[in-house]
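Have a look at the structure below, then the notes.
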Amino acid sequence: EPEVTQTPSHQVTQMGQEVILRCVPISNHLYFYWYRQILGQKVEFLVSFYNNEISEKSEIFDDQFSVERPDGSNFTLKIRSTKLEDSAMYFCASSARGNQPQHFGDGTRLSIL
Amino acid sequence: AQSVTQPDIHITVSEGASLELRCNYSYGATPYLFWYVQSPGQGLQLLLKYFSGDTLVQGIKGFEAEFKRSQSSFNLRKPSVHWSDAAEYFCAVDGGAGSNYKLTFGKGTLLTVNP
C-alpha cells in the first residue's frame, strides 16, 4: 500500500538555526498538509497546500514557517529561525482530494537545543 | 469553529474485554469524522471514517464507530480487545471545504491492555 514518507525521523538543531523537514506524499495525491504534536499535547493543524499554494494556515504558522513543493514528489516544511517551543513531532499528510481521508507519515521528531 | 473532545485520557481494559472510546464533536454542519490510531514511534493510521449515510461504520482491525447526530458523538468500539490494540487513539473532525479540509483532533485516549 502506498504511504507517506518523512525524513529525517529525528532532527536535532540549535536554536536560531534553519531546519527543513521533508515529505514525499502518496504519488497521485493532490492535497498536502503539515501538522505538529508537542509532547503530551494533541495533534495541531499547521498548513494545507493545494495547487501549488497555501489554502489554509493556522495562527501557529507564522512568518518563520514556509512550505514548498519544489518538484513533483517532495513537500517541505521550513522553519527559518527555530525556537525552543518548535520542539515537537511534525507530521506530513496527503489526500487524493479534499474530501478524502488524509494519510499520515510516521513523523519527524524535531528537538531544538 | 470545530472542536473535538475525548473525555477519557487513559483507559485500561483486559484482553478479550469490550472497548468503547468516547468522542464528542462541535461543528455547525454534518461533519466528516475520523478515528486514527498511533502506536509508539509511529504515525497516525486511519481506523475508519464517517462521511454520510449509514451511521454505523466499520473499520480496520475489527473496530467500528457510530455517528449520533443528536449527541454529537462518534464513539469507537471493539467487541474484544487484543493486546496489540494498546496505542493512543485520536478522534478528528474535518471541517470540509469551508476550512480547506483541515483536521481538528481531540487530545487522544491512551489505551492500555492488561493480559
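The values are calculated or read from the model by the stated rules, or taken from the named source; none is laboratory data. It should be emphasised that the depicted structure is a prediction, and the values quoted were computed from it without experimental measurement. A quick note on method: Cβ atoms are made from the backbone with ideal geometry, for glycine too, and the neighbour counts reach across all protein chains shown.
The table below lists the values:
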quantity: Extreme residue, farthest from the other protein chains (Cβ to nearest Cβ), among residues of segment A:30-69 that are under 20 Å from B:GLN42 (Cβ atoms) and among the basic types (Lys, Arg); calculated: A:ARG36
quantity: Total residues in segment B:14-63, condition in contact with a Pro (Cβ under 8 Å, 6 or more places away or on another chain) and within 22 Å of A:GLN37 (Cβ to Cβ); calculated: 6
quantity: Candidate set from segment B:101-115 (those that are surrounded by fewer than 20 Cβ atoms within 10 Å (Cβ to Cβ) and not in a strand (DSSP E or B)); member that is farthest from the chain's Cα centre (by Cα); calculated: B:PRO115
quantity: Condition met for B:PHE51 (aromatic (Phe, Trp, Tyr) and at the interface with chain A (Cβ under 10 Å from one of its Cβ atoms)); calculated: yes
quantity: Number of the exception - B:SER80 against (1) within 18 Å of A:HIS103 (Cα to Cα); (2) of a type outside the set (A, V, I, L, M, F, W, C); (3) modelled with pLDDT of 95 or more; (4) part of a loop (DSSP other than H, G, I, E, B); calculated: (1)
quantity: Within segment A:1-29, considering residues that are touching a Gly at 6+ places or on another chain (Cβ under 8 Å) and not in a strand (DSSP E or B), the one nearest to B:THR104 (Cα to Cα); calculated: A:VAL4
quantity: Subset of segment A:36-70 (residues that are polar (S, T, N, Q) and farther than 13 Å from B:LYS102 by Cβ); calculated: A:GLN37, A:GLN41, A:ASN51, A:ASN52, A:GLN64, A:SER66
quantity: Matching entry among B:LEU111, B:LEU103, B:LEU56 (being aliphatic (A, V, I, L, M), touching a residue at least 12 places away in the same chain (Cβ under 8 Å), more than 9 Å from chain A (Cβ to nearest Cβ) and in contact with a Phe, Trp or Tyr (Cβ under 9 Å, 6 or more places away or on another chain)); calculated: B:LEU111
quantity: Residue in segment A:59-78 that is touching a His at 6+ places or on another chain (Cβ under 8 Å) and of a type in the set (Val, Ile, Thr) present; calculated: no
quantity: Output for segment B:90-100, where each listed residue is in a strand (DSSP E or B) and either aromatic (Phe, Trp, Tyr) or in contact with a Gly (Cβ under 8 Å, 6 or more places away or on another chain) (or both); calculated: B:PHE90, B:CYS91, B:ALA92
